[in-house]
Amino acid sequence: MAPLIQGSSGINAEYGDLFYEYYPGEHPGKRGSIVPWSLRLLWSILPLHCPTIGGLYGALDRMYGLVYHLDQALLAGLPYVQEQRVIKYKTSLLVQVAGALAGSGSIQPAIKLLKQIKQSQPELSVPVSNAMIRLYYQVGNIYKGQCLLAEIQDKLTEEEWEMNAGFKLIALGEYSEAYQHFARAVNLNPGNTVASINGAVCLLYLGRLGDSIIQFEGAVKTSLHPMLLFNLVSLYELKTVASTSKKYNLLDTITSKTDWEAFPFECLRL
């Protein structure tokens, strides 16, 4: 993978063959990384899904390195079209950083970063505000969440409205009503794994362990995220002493549907 920062000569000594300058005959006058941005972005977030190569902190290190690289390019001055492209790249990267922070429980830093994105990119106001609303609900700040929701209420889809209503009710401890909203969100979009997971959590808080497991198992059909699997096997352990056989069934599913060699199997608690 290309380095995050080029050396003073414009070509990194270790990975110079991944820059156009390394091939002046084939690419005369062309500069920069041969590696496309989408691949560099994927490289930066990969540790989030593979703890064995760094986990959260490894991903943040890579992402902030890319942010620095993009900032250096903007400071150096670029033609307008290229400048707008770099700004777009940086915004998509900062959204990933905010998501990683929120996923790790660092809610306030995530909200602060999303505010910066919203201010610098007004065209992203609705999706960024929607993400902030859910984070406010997550930390129990219903007032700020409601104030922000009032600004974008008319611009949300029915599915987004149901999701926000569910998150608000969870914050208020109204799990039965929250479950109904998440169930409606799943009916609107069966692929909404977030709604399925939160619905399962509501069922668990309502004392409906068996129903919660069924809901989690449904979510596993569309996502094999390690945290989802960890929650499911934890419920298996609560329900039955025969949880090991169920864990091995999940193991079979993982090995048949994923690149199992890089999968963090510790989430199955075998």
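The values are calculated or read from the model by the stated rules, or taken from the named source; none is laboratory data. In this text, all values refer to a predicted model and were calculated from it rather than measured experimentally. Cβ: placed from backbone, ideal geometry, glycine included. Neighbour counts: every protein chain shown. Please note that ligands, DNA and RNA were not included when accessible areas were found on the heavy atoms of the full protein model with its side chains. Shrake-Rupley method; radii C 1.70, N 1.55, O 1.52, S 1.80 Å.
In this structure the amide hydrogen of residue 19, modeled in the peptide plane, comes within under 5 Å of the amide hydrogens of 34, none closer than 5 places in sequence on its chain.
Rolled with a 1.4 Å probe across the full set of protein chains, the surface gives residue 147 an accessible area near 60 Å². Backbone N atoms of the range 195-230 closer than 14 Å to the 7 Å Cα→Cβ label point of residue 256 belong to residues 221-222. Converting phi to 3J(HN,Hα) with the Karplus coefficients 6.51, -1.76 and 1.60 and the offset θ = phi - 60°, the range 117-133 yields 5, 4, 6, 7, 10, x, 5, 9, 4, 5, x, 5, 4, 4, 5, 5, 4 Hz in sequence order, with x at every glycine or proline.
Charges were assigned to the Cβ only: +1 to each Lys and Arg, -1 to each Asp and Glu. The resulting dipole of the range 39-174 about its Cα centre is roughly 440 debye.
For residue 225, the solvent-accessible surface computed with a 1.4 Å probe is close to 80 Å², ligands and nucleic acids excluded.
Distance between the pseudo-spin-label points of residue 225 and residue 30 (7 Å out from Cα toward the beta carbon): 3.8 nm.
Farthest towards the positive end of the charge dipole of the chain, among the residues 34, 163, 249, is the Cα of 163, using unit charges on the Cβ of Lys, Arg, Asp and Glu. Under a model in which nothing but the beta-carbon of Lys, Arg (+1) and Asp, Glu (-1) is charged, the chain shows a dipole of about 300 debye around its Cα centre.
Across the chain, C-alpha contacts under 8 Å between residues 6 or more apart give a mean separation that, scaled by the residue count, equals a relative contact order of 9 percent. Projecting the Cα atoms of 140, 198, 103 onto the charge dipole of the chain (Cβ charges, centred on the Cα centre) puts 140 farthest toward the positive pole. Rolling a 1.4 Å probe over the protein heavy atoms leaves residue 38 with an accessible area of roughly 80 Å².
Percent of C-alpha pairs per 5 Å bin in the chain, short distances first: 1, 5, 10, 12, 15, 14, 13, 10, 7, 6, 4, 2, 1, 0. Counting only alpha carbon atoms, the long axis of helix 243-257 and the longest principal axis of the chain meet at about 40°.
The lysine pair tally for the chain, using Cα distances under 20 Å and a gap of 8 or more places or different chains, is 20. When +1 charges are put on Lys and Arg Cβ atoms and -1 charges on Asp and Glu Cβ atoms, the dipole computed for the range 57-128 relative to its Cα centre reaches about 120 debye.
The helix-based estimate of mean residue ellipticity at 222 nm for the chain, built from -39,500 (n - 2.57) per DSSP H run of four or more residues and divided by its residue count, is -22000 deg cm²/dmol to the nearest 500. Over all other residues within a Cβ to Cβ distance under 13 Å of residue 186, the charged ones net out to -1, with Lys and Arg as +1 and Asp and Glu as -1. Distance between the C-alpha centres of the range 204-245 and the range 88-137: 30 Å, rounded to the whole angstrom. Note on the chain: dipole from Cβ charges, positive end direction compared against 43, 24, 188; the farthest Cα belongs to 188.
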